[in-house]
Amino acid sequence: MAIEPAYQELFSETVTLYAPASTDKYGARTWSASGVTASAHLMAENQLTKTADGRDVLETGKVYLYGQVTVTTDYRIVLEDGSEPIIIAVDKPYDQNGWHHTVVRIGR
């Protein structure tokens, strides 16, 4: 179930998401050459967050993506200003109707 269309006007920015293509033996990643664009709402907010592996990192904001967007922490995200923050975590909020938007927690 997607988020209600009345809220789409809040997602006035665009981000581009690149899926992971490969990882070499040293852990260096490469990403797909073609990205997927998504409507987004960015919120700057500094807070200390724990990653899935238990490390404390500085979260610099959240990117709210309109609808059910497939993204993981292995993806590359490019914001409208051209910056490429790291993806710390991805949340998929649910309600009684199911998954309705995606929240990407970003950092440096």
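The values are calculated or read from the model by the stated rules, or taken from the named source; none is laboratory data. Everything quoted here is computed from the prediction, not taken from an experiment. FYI the Cβ positions are ideal-geometry reconstructions off the backbone, even for glycines, and counts take in every protein chain you see.
How many residues does the range 1-26 hold that are within 15 Å of I86 (Cα to Cα) and either without any contact (Cβ under 8 Å) to a residue 60 or more places away in the chain or among the hydroxyl-bearing types (S, T, Y) (or both)?
4
Residue by residue, here is whether (1) surrounded by 18 or more Cβ atoms within 10 Å (Cβ to Cβ); (2) closer than 20 Å to P20 by Cα; (3) of a type in the set (S, T, N, Q); (4) within 10 Å of the chain's Cα centre (by Cα) holds:
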| residue | (1), (2), (3), (4) |
| --- | --- |
| T37 | no, yes, yes, no |
| M43 | no, no, no, no |
| D53 | no, yes, no, no |
| V63 | yes, yes, no, yes |
| D81 | no, no, no, no |
| A89 | yes, yes, no, yes |
| N97 | no, no, yes, no |
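Identify all residues within the range 82-108 that are within 16 Å of N46 (Cα to Cα) and in contact (Cβ under 8 Å) with a residue 40 or more places away in the chain; write none if there are none. Walk me through how you get there before you give the answer.
Step one: filter the range 82-108 for residues within 16 Å of N46 (Cα to Cα), giving 85-89, 103-108.
Once the filter is applied, which keeps residues that are within 16 Å of N46 (Cα to Cα) and in contact (Cβ under 8 Å) with a residue 40 or more places away in the chain, the range 82-108 yields A89, V103, V104, R105, I106, G107, R108.
N46 - would you say it is of a type in the set (S, T, N, Q) and modelled with pLDDT of 90 or more?
On the way: of a type in the set (S, T, N, Q): yes; modelled with pLDDT of 90 or more: yes.
Spelling it out, N46 is indeed of a type in the set (S, T, N, Q) and modelled with pLDDT of 90 or more.
Let me confirm something: among V90, V63, V71, which residue is modelled with pLDDT of 90 or more, in contact with an Asp or Glu (Cβ under 9 Å, 6 or more places away or on another chain) and of a type outside the set (S, T, N, Q)?
From the options V90, V63, V71, the qualifying one is V63.
In this structure, does E45 turn out to be within 27 Å of D95 (Cα to Cα), in contact (Cβ under 8 Å) with a residue 60 or more places away in the chain and of a type in the set (D, E, K, R)?
Spelling it out, it is not the case that E45 is within 27 Å of D95 (Cα to Cα), in contact (Cβ under 8 Å) with a residue 60 or more places away in the chain and of a type in the set (D, E, K, R).
Search the range 24-35 for residues being at pLDDT 90 or above and hydrophobic (A, V, I, L, M, F, W, C), and hand back the single one that is surrounded by the most Cβ atoms within 10 Å (Cβ to Cβ).
W31
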